[in-house]
1. Hey, does the stretch 118-130 have a residue that's closer than 17 Å to residue 95 by Cα, polar (S, T, N, Q), touching a Gly at 6+ places or on another chain (Cβ under 9 Å) and not in a helix (DSSP H, G or I)?
2. Within the bounds of the stretch 36-59, is there any residue that is exposed (fewer than 14 other Cβ atoms within 10 Å of the Cβ), out of contact with any Ser or Thr (no Cβ under 9 Å at 6 or more places or on another chain) and in a loop (DSSP other than H, G, I, E, B)?
3. So is residue 85 modelled with pLDDT of 95 or more, in contact with a Ser or Thr (Cβ under 7 Å, 6 or more places away or on another chain) and either surrounded by fewer than 17 Cβ atoms within 10 Å (Cβ to Cβ) or within 23 Å of residue 135 (Cβ to Cβ) (or both) or not?
4. Test of understanding: among 80, 94, which residue is over 19 Å from residue 148 (Cβ atoms) and either small (Gly, Ala, Ser) or within 22 Å of the chain's Cα centre (by Cα) (or both)?
5. For the stretch 164-174, which residues satisfy the criterion of being among the hydrophobic types (A, V, I, L, M, F, W, C) and crowded, with 23+ Cβ neighbours inside 10 Å?
6. Criterion first (closer than 21 Å to residue 19 by Cα, of a type in the set (A, V, I, L, M, F, W, C) and modelled with pLDDT under 95) does residue 256 satisfy it?
7. Are any of the residues in the stretch 72-89 within 29 Å of residue 326 (Cα to Cα) and of a type in the set (S, T, N, Q)?
8. Quickly run through the stretch 206-231 and pick out the residues that are within 17 Å of residue 170 (Cα to Cα), in contact with a Pro (Cβ under 7 Å, 6 or more places away or on another chain) and of a type in the set (Asp, Glu).
Amino acid sequence: MSNPETPSRPEIPPAVTKGRVEQSAREFATIFHDLKEQTFATTTWLGVPLVKTPADILVLQQIIVETRPELIVETGVYVGGSAALFASLQEALGIDGKVIAVDVDLSFVHQRVRDNPRIELLEGSSTDPGIVSHIRAAAKGKRTMVDLDADHRAHHVLEELRTYADLVTPNCYLIVEDSWFGGRPVREDAVPGPSEALDAWLAEDPPFESDRWRERYLLTQNPRGYLRRVPDDGAPPPGRERPDNFMIGAFELAGVEAGDAVGEIDPETIAEELEAAAGEPDREVEALRKTVGNLARGTRQAAVEADVDRRRAEITTENLLREINTQRELLEERNRQLDQARAGLRRISGSLPYRTYMRARGLPGIRQLAERRTRFRETAAQKQREQREIVRSERSERFVNHHRGQ
């Protein structure tokens, strides 16, 4: 229901054009990101660091107020600021609920988050079958919201979307974090990432829509990432009625010329790109660990050293064999899921619309577009190779400095 005191169409001055808004929003987002040691590294919630823009924190608060989720699933915890945010909002609103937060490494989690009875921490991959089963059991009969902020590589985000989407309650939200990566408008090197995963997943026609109203504050890390599950009865989104003339930064179009936009998504290309990127490191996670980790380096050092000592003591032949078997089972499960995805892509490529599209590629205009895309991909691949070499050099230098005691 709309607020009667708020006009359905906000008045926009003539000088504030769509192009001006998009350009200004993208420039500010880039500056905000590049000054991350001044912005992200100093952002906290109740004393716990979290890597989010103030605008996205505000939007998440509004979503939770409007939808009142009883269970909030978060993948990717790191220090735990987002989990603290979600749990404190549930408590303030009197919601009898909890937060389940999953990460492959919980050693950096703030003690205040560990001590919060509303937060359940799970260590492991967000796509691990055991963890997924546990979360599904907890979500039964609960009004559920999901926030995906773990490994930002496209293949992993796509796997998370397919795994957790059906847990989300109608008119609640599935949030894909950091879809501004890949030059949209920040970190051109971080591709394929969340935005590419969104392209592939939305092409599967899930019962979700991108709620662009959540991007109205112009600064967001999650362009197209606020996904509302559409109810079967077509009920409108929660909160005030959406005006039809609001403006956003449209970050997903950053760097795309009007004539360069492509319509159909080539499933074969998506499969190749996601599979090729599957083994690359999550560079943004490495960067954030370095930036935010500086805040608590002294406090954390003793805990890290104690954990290292504990793990050294646990290194036995029996434990190593058990870990090898576990990793083998995980690999078999991922290969099975990959085979399923390939089978789905083969069905798409054998369909009449796709065959029609492939025939149309032979037309002169389409052929020129394809050649331009090929050149762009070759250039991007070269940049990725150069960036990987830089990252490898930086890691080697950090490793050497660490063992020198620096």
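The values are calculated or read from the model by the stated rules, or taken from the named source; none is laboratory data. What you are looking at is a predicted structure, and each value in this text was computed from that prediction instead of being measured. Every residue, glycine as well, gets a Cβ built from its backbone with ideal geometry; the counts of neighbours run over all protein chains shown.
1. Our first condition is that a residue be closer than 17 Å to residue 95 by Cα; within the stretch 118-130, this holds for 118-120.
Narrowing further to those that are polar (S, T, N, Q): none.
Taking every residue of the stretch 118-130 in turn, none turns out to be closer than 17 Å to residue 95 by Cα, polar (S, T, N, Q), touching a Gly at 6+ places or on another chain (Cβ under 9 Å) and not in a helix (DSSP H, G or I).
2. Within the stretch 36-59 (the criterion being exposed (fewer than 14 other Cβ atoms within 10 Å of the Cβ), out of contact with any Ser or Thr (no Cβ under 9 Å at 6 or more places or on another chain) and in a loop (DSSP other than H, G, I, E, B)), the answer is yes, since at least one residue qualifies.
3. Values: modelled with pLDDT of 95 or more: yes; in contact with a Ser or Thr (Cβ under 7 Å, 6 or more places away or on another chain): no; either surrounded by fewer than 17 Cβ atoms within 10 Å (Cβ to Cβ) or within 23 Å of residue 135 (Cβ to Cβ) (or both): yes.
Judged against the criteria, residue 85 is not a match.
4. Numbers: 80 fails: over 19 Å from residue 148 (Cβ atoms).
Result: 94 is the single residue among 80, 94 that is over 19 Å from residue 148 (Cβ atoms) and either small (Gly, Ala, Ser) or within 22 Å of the chain's Cα centre (by Cα) (or both).
5. First, the residues of the stretch 164-174 that are among the hydrophobic types (A, V, I, L, M, F, W, C): 165, 167-168, 172, 174.
Across the stretch 164-174, the qualifying residues are 168, 172, 174.
6. Values: closer than 21 Å to residue 19 by Cα: yes; of a type in the set (A, V, I, L, M, F, W, C): yes; modelled with pLDDT under 95: yes.
So residue 256 passes the test.
7. Initially, the stretch 72-89 is screened for residues within 29 Å of residue 326 (Cα to Cα), giving 72-80, 83.
Next, from what is left, pick out any that are of a type in the set (S, T, N, Q): 75.
Within the stretch 72-89, one or more residues are within 29 Å of residue 326 (Cα to Cα) and of a type in the set (S, T, N, Q).
8. 211
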